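S.K.: Dumping the structure here so I can ask a few things about it.
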Amino acid sequence: MEDMAQRYADRSVRSVFIYTNEAHPGETYRHHATMDDKRHHARAFQTEFGLRRQILLDDLAGTAHRAYGTLPNMTWIVGPGGVIHYRAAWTDARDLEDALKASLDALARRIRDKLVPFYSERWAWRTRDDDTFRARLANGGPQAVSDFYGKG
């Protein structure tokens, strides 16, 4: 995601990360009780994953999270005038870049080629690296692992 944000920055594409809550809180990263907690966790996240993009903090009530669908890893492309060009229930860089290229191409050609938008939905597929996910989940503490995978 960081590389993609850099590649498209010169095309007026701004990429931000909205930090909502701890999806799997544990002993290390607990539920946020204060904005200072959230700020501290966001900085740790930024450091661990090497994020260079701007991180915006949702409020403790989760107002932005609810407005954007409440799933843990959603991705949106919001075009000119606030028009939604893409919405995904999970972040997959390949799918996102495909949608971003299509959106930028259509915006560039819309007047010349008399393009009109339409809405569609599709399933997309991504790979899952369970070992890496489990290791990162363990950074939150044993409680985070047991909450996600269950006791036992």
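Each value in this text was obtained by applying a stated rule to the coordinates, not by laboratory testing. Note that this is a predicted model, so its numbers are computed, not measured. Because the Cβ atoms are built from the backbone with ideal geometry, glycine has one as well, and the counts that use them run over all protein chains shown.
S.K.: Taking square-rooted eigenvalues a ≥ b ≥ c of the alpha carbon gyration tensor, is region 11-68 rounded, prolate or oblate, where a/c under 1.5 means rounded and, failing that, a/b exceeding b/c means prolate?
M.R.: Judged from the Cα gyration tensor, region 11-68 comes out oblate (a/c at least 1.5, b/c at or above a/b).
S.K.: Out of ASP95, ASP36, ASP130, any idea which swings most in a Gaussian network model of the chain, alpha carbons joined below 10 Å?
M.R.: Per the Cα network of the chain with a 10 Å cutoff, ASP130 tops the list.
S.K.: Oh, and also: Per residue of the chain, what 222 nm ellipticity follows from adding -39500 (n - 2.57) for every DSSP H run with n ≥ 4, rounded to the nearest 500?
M.R.: Computed ellipticity for the chain at 222 nm equals -12000 deg cm²/dmol.
S.K.: Also, I was wondering about something else. With both partners inside region 2-147, how many of the DSSP beta bridges are antiparallel, as a percent to the nearest 5?
M.R.: Bridges in region 2-147 that DSSP calls antiparallel: roughly 45 percent.
S.K.: What's the Kirkwood radius of region 52-110 in Å, using all Cα pairs?
M.R.: 12.9 Å
S.K.: Moving to a separate point now. Against the longest principal axis of the chain, how steep is helix 35-49, in degrees 0 to 90 to the nearest 10, with axes from Cα atoms?
M.R.: That works out to roughly 70 degrees.
S.K.: Express the relative contact order of region 28-130 as a whole percentage, based on alpha carbon pairs under 8 Å and six or more residues apart in sequence.
M.R.: 14 percent
S.K.: Select from TYR119, TYR19, TYR68 the residue whose mean-square fluctuation is largest in a Gaussian network model of the chain (Cα-Cα springs shorter than 10 Å).
M.R.: Fluctuation is largest for TYR119.
S.K.: What angle do you read, to the nearest 10 degrees and between 0 and 90, between the alpha-carbon axis of helix 93-109 and the longest principal axis of the chain?
M.R.: That works out to roughly 30 degrees.
S.K.: Follow-up. Taking the structure as given and computing Kirkwood radius over Cα pairs in Å, which label from (1) 17.6; (2) 15.2; (3) 18.8 fits?
M.R.: Matching entry in (1) 17.6; (2) 15.2; (3) 18.8: (1).
S.K.: Just to check I understand the Karplus step: with θ = phi - 60° and J = 6.51 cos²θ - 1.76 cosθ + 1.60, what whole-Hz values come out for region 111-116, glycine and proline as x?
M.R.: So the Karplus estimates, Gly and Pro as x, are 7, 4, 9, 6, 6, 10 Hz.
S.K.: Can you compute the modelled spin-label distance between TRP125 and MET35, with each label point 7 Å from Cα toward Cβ, in nm?
M.R.: 4.5 nm
S.K.: In a shell of Cβ-Cβ distance under 13 Å around THR75, excluding THR75 itself, what net charge do Lys and Arg (+1) and Asp and Glu (-1) give?
M.R.: In short, 0.
S.K.: When the chain is modelled as a GNM with alpha-carbon springs shorter than 10 Å, which of VAL83, VAL116, VAL13 fluctuates the most?
M.R.: VAL116
S.K.: While we're looking at this one, here's another question. Please give the residues of region 115-136, grouped as numeric ranges, whose backbone N is less than 11 Å from a label point set 7 Å along the Cα-to-Cβ vector of ALA106.
M.R.: Answer for this model: 115-121.
S.K.: What's the extension gain from GLU48 to TYR149 if we count 0.36 nm per residue and subtract their Cα-Cα distance?
M.R.: 34.1 nm
S.K.: If amide hydrogens are placed 1.01 Å from N in the peptide plane, which non-local residues have theirs closer than 5 Å to the one on LEU71?
M.R.: none
S.K.: Using unit Cβ charges (K, R positive; D, E negative) and no other charged atoms, how large, in debye to the nearest 20, is the dipole of region 2-147 about its Cα centre?
M.R.: 680 debye
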